[in-house]
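Nothing in this text is a laboratory measurement; each read-out follows from the coordinates by a stated rule. Note that this is a predicted model, so its numbers are computed, not measured. Every residue, glycine as well, gets a Cβ built from its backbone with ideal geometry; the counts of neighbours run over all protein chains shown.
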């Protein structure tokens with residue numbers, strides 16, 4: 001969906017068309033910027049503290065001061081969705097190293113960040129969650145600190161383009177013989193014997209907020225998760241495969257490299273995790289995701 | 001030096017303060033942009049064809065159309081230095097995936113690039129060339145396609161900051177036990193037996209235009225270059241070390257990790273290569289680099 005009309009830039013709320021930055025901004029010259037995408041459902045934010053903690057960690061990792069307190073960030077997010085009358089969708093937030101009249105790799109001793117944020121109305125529980133997505137494998141060419149959520153996203157953008165060109169929706173990135181994660185989501189498999197596996201946290205992958213949300217449901221859902229790297233072959237031969245992300249929540253993967261995963265339909269474990277996750281965020285299952293109640 | 005006052009943005013020449021881009025530009029959201037930095041000396045560009053060829057290759061590699069012909073790019077560069085009365089310095093050019101009203105990793109079928117360029121007045125043959133620079137070793141955390149010159153420069157920016165904090169000027173990036181290159185220049189060593197070594201071209205490093213310029217001087221200078229990866233130990237124990245880049249040309253490295261290289265002063269091979277390079281670009285050696293004539 002197009003970005004909502006009222007955006008936030010450096011303390012002001014203004015029409016998107018009036019939001020303009022300097023081309024000397026370090027976000028534009030050096031990819032020197034952190035970002036977060038926080039889901040909004042029923043007018044409420046999903047795990048805002050998780051996003052703010054990660055933002056804070058990324059900012060520290062890229063030498064940027066955190067320009068606002070947690071309550072300041074919350075107020076900014078809230079005002080964006082109120083001004084745009086957003087009920088379901090996401091808020092995108094980017095914090096950069098700021099703009100200076102000289103292009104210097106090192107930059108000044110202390111940065112004065114640029115803060116940009118917008119809201120985007122979209123269905124979080126939509127067709128992809130219902131029908132599933134298709135993936136292909138691609139080499140993971142990203143930088144080595146993927147645990148920090150920065151705008152160094154060129155590999156991911158190119159991966160999406162290649163995936164699309166090959167008739168898929170996204171790519172599973174492969175490095176040293178193992179799947180790291182998907183182009184903008186964490187990757188999960190369910191083995192034929194029912195073991196749920198997702199890669200362990202390390203600098204190789206982003207510590208997904210939705211990934212953490214699913215982990216938090218283990219007790220209630222009565223399931224266990226093995227955290228380890230898995231191979232492309234394990235994914236191809238899995239009973240079920242799914243991804244987690246703030247923008248698409250829990251998305252079944254029905255096809256890999258053109259071949260069906262299991263019977264080519266979202267499986268029972270994926271459906272169970274979707275149900276648990278949607279319930280936890282306050283969704284009316286019967287109304288918005290009746291399909292998640294099948295195969296229970 | 002601060003950026004010159006008249007810049008180029010999407011076909012217009014305008015004051016820097018009026019140059020403004022959308023925060024939805026893919027250069028800002030995804031680091032989806034190519035760039036070049038071309039040296040200007042005596043009002044002329046140094047190896048413009050080399051820069052334009054590399055730009056064209058980077059653009060193709062990141063799925064962007066090349067918005068101008070070589071003569072169009074040359075005219076743009078020339079107008080920038082004329083309007084800013086620039087005699088010595090650099091022109092920075094960035095071409096991004098453009099701005100759209102939706103943040104989509106894959107982007108539209110065909111991109112409409114944003115073109116931004118500015119001139120920057122600076123001494124190309126300055127104190128660093130005369131006195132040398134200090135380097136430290138750092139892990140190379142960059143993405144895997146460093147042969148494409150993109151704005152995914154966060155690792156480099158952080159490397160410069162760390163180097164500065166440790167009393168150095170830049171960093172030699174190390175990967176799998178070998179030096180790849182410096183944070184924004186190619187790295188060279190001269191062994192105690194006089195062999196000149198620089199890393200072979202591959203996706204691990206940028207194919208530097210100044211690197212190519214030095215290679216082109218082999219016949220005239222009567223020297224050979226071995227193209228292979230070298231280790232940090234080889235650099236520490238080298239007789240001489242230097243870097244090449246468009247912005248600093250040929251810069252002697254006098255200290256590594258706080259210890260002197262050789263006798264801690266720019267060595268004779270480095271001085272010879274500086275002389276040859278400066279002469280080739282039309283510099284009056286006696287006037288601008290008398291120090292390069294010592295130790296001949």
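Given an 8 Å cut-off on Cα distances and at least 6 residues of separation, report the relative contact order of chain A as a percent.
Numbers: 596 pairs, mean separation 52.0, N = 296.
Relative contact order, chain A: 18 percent.
What are the distances, in nm and sorted shortest first, from the label point of residue A:126 to the label points of the same position in each other copy, with each label point placed 7 Å from Cα along the Cα-to-Cβ direction?
5.0
Using Cβ counts within 10 Å as a stand-in for footprinting exposure, how do B:73, B:188 rank, fewest first? Each step should come with its number before you reach the end.
Numbers: B:73 23, B:188 28.
Listing B:73, B:188 from fewest to most nearby Cβ atoms yields B:73, B:188.
Place the label 7 angstrom along Cα→C-beta at residue A:260 and in each other copy, then list the distances from the first to the rest in nm, shortest first.
With the label placed 7 Å along Cα→Cβ, residue A:260 yields 7.5 nm.
Where does chain B land at 222 nm, in deg cm²/dmol rounded to the nearest 500, when only DSSP H runs of n ≥ 4 count, each adding -39500 (n - 2.57), divided by all residues?
Value at 222 nm, helices only: -7500 deg cm²/dmol.
Can you work out the PRE-style zone for residue B:263? Point 7 Å along Cα to Cβ, and I want the residues of the range B:272-286 with backbone N under 16 Å.
Hits in the range B:272-286 for residue B:263 at 16 Å: B:272.
Which ordering of B:281, A:48 is given by a fewest-first count of other beta-carbon atoms within 10 Å?
Numbers: B:281 17, A:48 20.
By the 10 Å Cβ count, ascending: B:281, A:48.
What FRET efficiency, computed as 1/(1 + (r/R0)^6) with R0 = 30 Å and r the Cβ-Cβ distance, is obtained for residue A:200 and residue A:237, rounded to the nearest 0.05? Write down the numbers at each step before the final one.
Working: r = 21 Å, r/R0 = 0.69.
So, using R0 = 30 Å, E works out to roughly 0.90.
Which whole number gives the average count of other chain Cβ atoms within 10 Å of the Cβ atoms across peptide A:186-197? Please list the in-between numbers first.
Details: counts 0, 0, 0, 0, 0, 0, 0, 0, 0, 0, 0, 0.
Mean number of neighbouring Cβ atoms from other chains: 0.
Rank these for me by crowding, A:32, B:8, B:200, A:255, going from fewest to most other beta carbons within 10 Å. Write down the numbers at each step before the final one.
Numbers: A:32 31, B:8 22, B:200 11, A:255 18.
Ascending Cβ contact count within 10 Å gives the list B:200, A:255, B:8, A:32.
Count the DSSP beta bridges whose two residues both fall in the protein assembly as shown, then state the antiparallel fraction as a percent rounded to the nearest 5. Could you put the intermediate results ahead of the total?
On the way: 91 of 113 bridges.
Restricted to the protein assembly as shown, the bridges split so that about 80 percent are antiparallel.
With a 10 Å cut-off between alpha carbons and a GNM built on chain B, which of B:49, B:23, B:268 moves the most?
Of B:49, B:23, B:268, the most mobile in the Gaussian network model is B:23.
If you average the C-alpha positions of the range B:99-117 and of the range B:16-30 separately, how far apart do those two centres end up, in angstrom?
11
How far is residue B:56 from itself in the other copies, in nm, if each label sits 7 Å out from Cα along the Cα-Cβ line, shortest first?
Result, one decimal in nm: 5.2.
Report, for the range B:127-293, the % of DSSP beta bridges that are antiparallel, rounded to 5. Mind showing how you got there, number by number?
Values: 19 of 30 bridges.
The answer is about 65 percent antiparallel.
Just tell me how shielded B:103-116 is by partners: mean number of partner chain Cβ atoms within 10 Å of each residue's Cβ, no decimals. Provide the component values of the computation, followed by the final result.
On the way: counts 10, 2, 13, 13, 5, 0, 2, 0, 0, 0, 0, 2, 0, 4.
So the per-residue partner count for this stretch is 4.
I'd like the distance separating the alpha-carbon centroids of the range B:235-296 and the range A:200-240, in whole Å.
Between the Cα centres of the range B:235-296 and the range A:200-240 lies a distance of 53 Å.
What FRET efficiency comes out for residue A:78 versus residue A:279 if R0 is 35 angstrom and r is the Cβ-Cβ distance? Round to the nearest 0.05.
Details: r = 24 Å, r/R0 = 0.68.
It comes out at approximately 0.90.
Running a GNM on chain B with Cα contacts under 10 Å, which residue among B:248, B:212, B:163 ends up with the highest mean-square fluctuation?
Comparing B:248, B:212, B:163 in a Gaussian network model of chain B, the most mobile one is B:212.
How many angstrom lie between the Cα centre of the range B:63-86 and the Cα centre of the range B:32-62?
Cα centroid to Cα centroid, the span is 10 Å.
Using a Gaussian network model of chain A with C-alpha springs under 10 Å, which one of A:11, A:267, A:42 is most mobile by mean-square fluctuation?
A:11
Roughly how tilted is helix A:268-280, in degrees to the nearest 10 and between 0 and 90, from the longest Cα axis of chain A?
For helix A:268-280, the angle is close to 40 degrees.
Shielding by partners for A:16-23, please: the mean number of other protein chain Cβ atoms within 10 Å of each residue's Cβ. Walk me through the numbers on the way to the answer.
Numbers: counts 4, 2, 0, 4, 6, 6, 5, 18.
Whole-number average of other-chain Cβ neighbours for A:16-23 is 6.
Mind pulling the angle between the C-alpha long axis of helix A:70-83 and the longest principal axis of chain A? Nearest 10 degrees, somewhere in 0 to 90.
Taking Cα atoms only, the helix is inclined about 80 degrees.
Please work out the FRET efficiency for the pair residue A:178 and residue B:102, using the Cβ-Cβ distance as r and a Förster radius of 25 Å; give the result to the nearest 0.05. Can you show the working numbers first?
Numbers: r = 33 Å, r/R0 = 1.30.
Here the calculated transfer efficiency is 0.15.
Run the numbers on the range B:6-121 and let me know its relative contact order in percent, using alpha-carbon pairs under 8 Å that are six or more apart.
Values: 194 pairs, mean separation 43.9, N = 116.
Rounded, it is 38 percent for the range B:6-121.
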